[in-house]
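Remarks on the structure that follows.
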Amino acid sequence: MKTVKISLLSKVLLLIVTGLFLGSLYFPMWQIDLDAPQYPEGLNLKLYANKIGGDVEIINGLNHYIGMATLHTENFIEFKILPYIIGFFGLFALVSALIAKRKFVATLFISFILFTILAGVDFYRWNYEYGHNLDPNAAIKVPGMSYQPPLIGYKQLLNFGAYSVPDIGGWMLIGSGLLIFIVLTLEYKWYKRFMKPKAALLLMPIFILTACSGNEPKPIKLNVDACEFCKMPVSDGKFGAEIQTQKGRYFMFDDISCLVKYCEENESTKVKSYYVHDYTQNNQLIDATKAFYISGGDINSPMHGNIAAFTTFSDAQNFGDKLKAKAISWNEILK
Amino acid sequence: MKTNFLKITSAVVLIAAFMGSCKPKNTSDTVSGDAAQKAYVAPGKYDEFYNFVSGGFSGQLSVYGLPSGRLFRVIPVFSVDPEKGWGYSEETKPMLNTSHGFVPWDDLHHTEMSQTNGEVDGRWVFGNANNTPRIARIDLKTFKTAEIIELPNSGGNHSSPFITENTEYVVAGTRFSVPGDYENGDVPINTYKENYKGHISFVKVGKEGEMDIAFQIMTPGVNFDLSHAGKGKSHGWFFFSCYNTEQANTLLEVNASQKDKDFIMAVNWKKAEEYVKAGKGKKQKVRYAHNTWDEHTHTAKSEIKTEVLVLDASELKDICYMIPCPKSPHGCDVDPTGEYIIGSGKLAALIPVFSYDKLQKAIKDKSYEGDYGGIPVLKYESVLHGEVQKPGLGPLHTEFDGKGNAYTTMFVSSEVVKWDIKSLKVLDRVPTYYSVGHLCIPGGDSKKPFGKYLVAYNKITKDRYLPTGPELCQSAQIYDISGDKMQLILDFPTIGEPHYAQAAPADLIRNNGQLKFYKLEDNKHPYATKGEKEAKVVREGNKVHVYMTSMRSHFAPDNIEGVFLGDEVYFHVTNLEQDWDVPHGFAVKGADNGELLIMPGETTTLKWVPDRVGTFPFYCTDFCSALHQEMQGYIRVSPKGANVPLHYSLGTNFPAGK
């Protein structure tokens with residue numbers, strides 16, 4: 001195979017990659033956030049290339065209740081070699097930019113991917129080790145319980161919610177990987193072979209988004225949160241409604257009719273979930289698609305949409321009789 | 001090329017941004033719209049309930065109103081209080097006397113109101129001293145500590161001051177097992193297993209509230225934690241939770257957490273009474289103080305007692321029975337019907353509920369699985385009504401609403417969990433801020449709870465209020481429990497560190513014959529001065545007694561001369577006012593002491609030893625009238641042997657002297 005020289009843009013990108021690699025040594029690579037009721041400020045474990053930082057002492061103090069081993073930087077050989085590996089990648093990128101050979105860049109990319117996989121496996125191994133290797137004399141023993149933090153994402157461990165994600169340094173490495181990938185894409189003209197590389201790239205964030213946004217309604221703070229459509233504060237916990245968009249944003253409404261009008265006027269907003277107040281309760285949001293509705297009669301809602309929602313069919317029927325209102329379906333309401 | 005690059009970059013930024021935003025939300029949105037209305041008590045209006053909250057390491061007892069969370073009074077109990085002269089005035093010093101002498105501080109953990117037929121009666125509230133073991137009785141007519149009794153053979157009086165349903169007894173169980181006071185305590189600590197003993201005390205409460213240790217029950221050495229009396233059908237029984245059945249004497253956090261089950265000790269105190277009558281108790285030589293307050297002399301008396309009757313639980317087989325209870329039980333609560341006994345293993349992942357009927361049957365059938373230091377251990381399953389599964393983490397204490405529901409605090413998961421006693425199903429849970437310890441429902445441990453409010457007393461405050469440096473107040477939360485769902489309605493800060501609290505309908509206490517002031521004609525204080533004409537100064541050797549009165553807005557006398565360095569001056573101040581809410585105060589410059597706060601009709605004494613020659617002002621410290629600032633006087637101190645005659649006056653000047 002002939003040696004192909006890379007373009008100037010690629011060289012610049014590779015120089016940026018060098019900067020990102022070397023710069024990442026000064027920032028935490030990974031963070032594990034711990035949330036518990038009695039730690040409203042949260043506890044944060046920060047993994048640097050060369051040390052463990054953050055609230056490690058407090059976390060060690062807590063871990064003794066459940067018999068988890070304490071964390072000490074010197075117990076991990078990884079913290080000794082990791083800076084050299086990342087430094088090596090930085091130099092590799094620099095050399096690639098100087099030598100400017102396409103094959104060199106490809107080697108860099110493949111070795112970096114291999115490193116990432118290895119690092120992931122290693123991280124998982126340690127998480128497993130710490131989560132399972134518990135002191136049998138621990139004060140709190142929950143049968144069958146292990147305390148392995150998630151590799152990435154969120155997990156509930158007793159009263160702590162553990163949230164494991166890359167930190168600044170980690171993002172810099174991810175950025176480096178992507179940039180190298182872009183260089184390769186440019187140099188090997190891969191984008192020509194794929195039909196819609198852009199679409200593929202745009203799909204990624206959406207995939208991640210749907211992976212981590214919850215499916216819970218956000219409680220409406222009565223008299224505090226305002227209706228997205230009529231801008232009046234939501235004050236009645238019987239007629240309010242809420243939508244969650246595909247992007248994970250929440251919009252609140254003081255009347256089901258406001259929700260309907262808002263959706264009409266903002267067709268571009270992709271709604272993921274609809275919620276409505278259960279008429280029989282105060283400020284209790286339920287899944288709108290599964291609710292039963294009555295409309296008209298003596299119902300008097302804040303913006304005179306006069307639609308009431310119920311969790312159960314029998315409630316809807318009873319109140320329908322009482323309020324002389326007619327049954328209506330969610331699809332009819334939305335039109 | 002460029003646009004492609006930009007898009008990729010923006011995609012990366014987007015991912016980063018969204019990863020950050022999908023962190024789980026915390027639970028800060030639990031206060032709903034009408035909370036303020038529910039906790040609001042308009043100016044000039046009264047609260048529905050009195051709330052008697054232990055002051056923990058402040059040693060005092062605070063009185064709040066519910067649902068407003070307003071603080072009405074801090075009653076000094078086990079700690080000195082210079083503000084009120086408690087432990088500083090000559091009259092109150094004996095109240096803090098113990099077999100160790102004068103003890104100025106203690107740790108008041110639990111409060112318990114007196115009951116009649118298992119219902120709160122509003123006569124007294126009891127408090128325990130956890131450090132130097134004592135029980136105090138506070139009179140709710142005067143809101144004053146009326147009696148304190150010390151407990152021998154004890155270390156750390158924690159499972160106290162819980163009472164039987166007619167206030168027959170108030171109990172105390174030793175937290176730290178120790179060698180009995182009647183034995184040699186100078187033994188190696190690692191001989192815990194052979195030399196250390198538990199003693200639980202049954203203190204008889206008389207008609208007027210007077211306390212007397214009826215008997216103690218000696219048990220194997222364990223840590224007794226909390227207790228509650230049986231009621232209704234289980235009246236006659238008392239239940240004590242105990243941990244450290246491993247009998248560790250060091251690093252208890254590990255060594256006392258090894259066994260899967262510790263015990264709840266069921267005590268048949270009626271049986272114990274029979275044994276006492278039958279002469280089965282052993283009289284042991286001990287020393288303990290018994291301090292009483294006399295409402296007529298406004299003076300406390302301290303008496304040292306030297307004997308206590310001890311029953312040995314390992315010899316008298318049918319007094320005590322051990323019920324296995326998972327993982328270091330803490331709270332030990334009995335439901336309003338008296339049938340269900342709830343043990344809260346603070347390290348357990350479930351809550352066991354025991355049945356009194358099954359307990360009786362198991363005892364009858366001798367359904368034992370063994371023996372613990374001579375006390376029969378019942379089979380867990382034969383006493384168990386059922387277990388509440390997955391209630392939360394770190395269950396501590398349970399109270400009841402009288403509608404078949406129990407409410408248990410969860411320290412580790414920081415929440416209150418409501419569950420059905422019979423079906424053992426969890427019905428609701430609300431977060432607390434943060435790490436709740438005790439809880440209180442008015443009448444919540446009696447036969448007749450008033451299940452309208454629930455107060456959670458928390459151990460961690462963190463971000464609930466404006467920060468005040470490293471040391472923060474403690475925080476309590478009030479929940480409305482009248483509906484199906486518990487609703488948070490108010491946060492309020494508390495005094496010291498509250499542990500247990502009690503609450504009762506306001507009318508029960510307001511209408512119990514509240515004392516508004518002391519009648520002057522009933523004042524039997526030996527140094528009382530019942531009119532300004534009787535005011536005088538009397539010298540007895542180097543002791544100078546000042547018979548002083550206070551009245552808006554002067555002291556009589558207010559000019560005193562003829563006091564010498566080396567004298568001990570006793571200001572016996574009588575407040576001559578005969579109206580509600582007109583206290584006077586008294587303070588004199590340089591006193592190494594507190595102030596006096598004298599209620600109308602009361603006589604109180606401040607001892608003052610001048611340290612130098614000179615003229616010393618004294619004044620009224622409690623703003624009493626428009627001319628309060630004029631309410632002052634002088635006392636002149638001359639060198640020893642000086643030719644200054646003893647003089648005292650009000651409104652007239654002495655004959656010209658030196």
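A quick yes/no check of all residues on (1) among the hydroxyl-bearing types (Ser, Thr, Tyr); (2) farther than 30 Å from A:Glu41 by Cβ; (3) in the same structural domain as A:Gln31 (by TED's automatic domain parsing); (4) buried (at least 16 other Cβ atoms within 10 Å of the Cβ):
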{"residue": "A:Leu91", "(1), (2), (3), (4)": "no, yes, yes, no"}
{"residue": "A:Leu108", "(1), (2), (3), (4)": "no, yes, yes, yes"}
{"residue": "A:Pro143", "(1), (2), (3), (4)": "no, yes, yes, no"}
{"residue": "A:Gln156", "(1), (2), (3), (4)": "no, no, yes, no"}
In the set B:Asn593, B:Asn542, B:Asn575, B:Asn523, which member is modelled with pLDDT under 95 and on the phi < 0 side of the Ramachandran plot?
B:Asn593
Unique residue being away from chain B (no Cβ under 12 Å) and touching a residue at least 24 places away in the same chain (Cβ under 8 Å) when the list is A:Asn133, A:Asn159
A:Asn133
On the basis of being touching a Phe, Trp or Tyr at 6+ places or on another chain (Cβ under 6 Å), surrounded by fewer than 20 Cβ atoms within 10 Å (Cβ to Cβ) and assigned by TED's automatic domain parsing to the domain that holds B:Leu490, does B:Ser79 make the cut?
no
Quick one: which residue in B:Lys270, B:Lys305 is within 29 Å of the chain's Cα centre (by Cα) and closer than 30 Å to B:His572 by Cβ?
B:Lys305
List the pairs whose first member sits in the range B:45-71 and is closer than 16 Å to B:Thr111 by Cβ and touching a residue at least 24 places away in the same chain (Cβ under 8 Å), whose second member is among the basic types (Lys, Arg) and not in a strand (DSSP E or B), and whose Cβ atoms are under 7 Å apart, counting only residues at least 6 apart or on separate chains?
B:Tyr64/B:Arg70
May I ask you to list the residues in the range A:158-169 that are within 20 Å of A:Ala49 (Cα to Cα) and either in contact with a His (Cβ under 7 Å, 6 or more places away or on another chain) or surrounded by 18 or more Cβ atoms within 10 Å (Cβ to Cβ) (or both)?
A:Tyr163, A:Ser164, A:Val165, A:Pro166, A:Asp167, A:Gly169
Residue pairs within 8 Å by beta carbon, gap of at least six or interchain, first lying in the range A:84-100 and touching a residue at least 24 places away in the same chain (Cβ under 8 Å), second surrounded by fewer than 21 Cβ atoms within 10 Å (Cβ to Cβ) and basic (Lys, Arg), listed first then second, are A:Ala97/A:Lys11; A:Ala100/A:Lys5; A:Ala100/A:Lys11
Please indicate, with yes or no, whether at least one residue in the range B:342-362 is touching a strand residue (DSSP E or B) at 6+ places or on another chain (Cβ under 7 Å), over 28 Å from A:Gly144 (Cβ atoms) and part of a loop (DSSP other than H, G, I, E, B).
no
Qualifying positions in the range B:419-441 - within 14 Å of chain A (Cβ to nearest Cβ) and either hydrophobic (A, V, I, L, M, F, W, C) or assigned to a strand (DSSP E or B) (or both):
B:Asp428, B:Arg429, B:Val430, B:Pro431, B:Val436, B:Gly437
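Listed here are the residues, each with its yes/no results for (1) away from chain A (no Cβ under 12 Å); (2) closer than 17 Å to B:Ser201 by Cα; (3) among the hydrophobic types (A, V, I, L, M, F, W, C).
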position: B:Phe239; (1), (2), (3): yes, yes, yes
position: B:Asn249; (1), (2), (3): yes, no, no
position: B:Asn255; (1), (2), (3): no, no, no
position: B:Asp262; (1), (2), (3): yes, no, no
position: B:Met265; (1), (2), (3): yes, yes, yes
position: B:Lys270; (1), (2), (3): yes, yes, no
position: B:Glu274; (1), (2), (3): yes, yes, no
position: B:Lys277; (1), (2), (3): yes, yes, no
Considering only the range B:266-333, give the strands (runs of 3 or more DSSP E) lying wholly within it that have at least 1 residues that are out of contact with any Asp or Glu (no Cβ under 7 Å at 6 or more places or on another chain) and surrounded by fewer than 21 Cβ atoms within 10 Å (Cβ to Cβ).
B:282-294, B:299-312
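A quick yes/no check of all residues on (1) crowded, with 22+ Cβ neighbours inside 10 Å; (2) under 15 Å from A:Ile328 (Cα atoms); (3) touching a residue at least 40 places away in the same chain (Cβ under 8 Å):
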position: A:Ala226; (1), (2), (3): no, no, no
position: A:Met232; (1), (2), (3): no, no, yes
position: A:Ser235; (1), (2), (3): no, no, yes
position: A:Gly248; (1), (2), (3): no, no, no
position: A:Lys270; (1), (2), (3): no, no, no
position: A:Ala309; (1), (2), (3): yes, yes, yes
Matching strands (runs of 3 or more DSSP E) fully within the range B:551-643 where at least 2 residues are under 24 Å from B:Lys93 (Cα atoms)
B:568-575, B:584-588, B:596-598, B:603-608, B:614-619
Examine the range B:481-490 for a residue that is in contact with a Phe, Trp or Tyr (Cβ under 6 Å, 6 or more places away or on another chain), under 30 Å from B:Ser58 (Cβ atoms) and part of a loop (DSSP other than H, G, I, E, B), and state whether such a residue exists.
yes
Going through the range A:122-174 in order, the residues found to be touching a helix residue (DSSP H, G or I) at 6+ places or on another chain (Cβ under 7 Å), among the β-branched types (Val, Ile, Thr) and modelled with pLDDT under 90 are A:Ile140
Residue match in the range B:401-418 (condition: among the aromatic types (Phe, Trp, Tyr) and more than 14 Å from chain A (Cβ to nearest Cβ))
yes
Segments classed as strands (runs of 3 or more DSSP E), wholly inside the range A:4-80, with at least 3 members that are touching a Leu at 6+ places or on another chain (Cβ under 7 Å) and buried (at least 19 other Cβ atoms within 10 Å of the Cβ):
A:30-36
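The values are calculated or read from the model by the stated rules, or taken from the named source; none is laboratory data. Note that this is a predicted model, so its numbers are computed, not measured. Backbone-built Cβ (ideal geometry, glycine too); neighbour counts: all protein chains shown.
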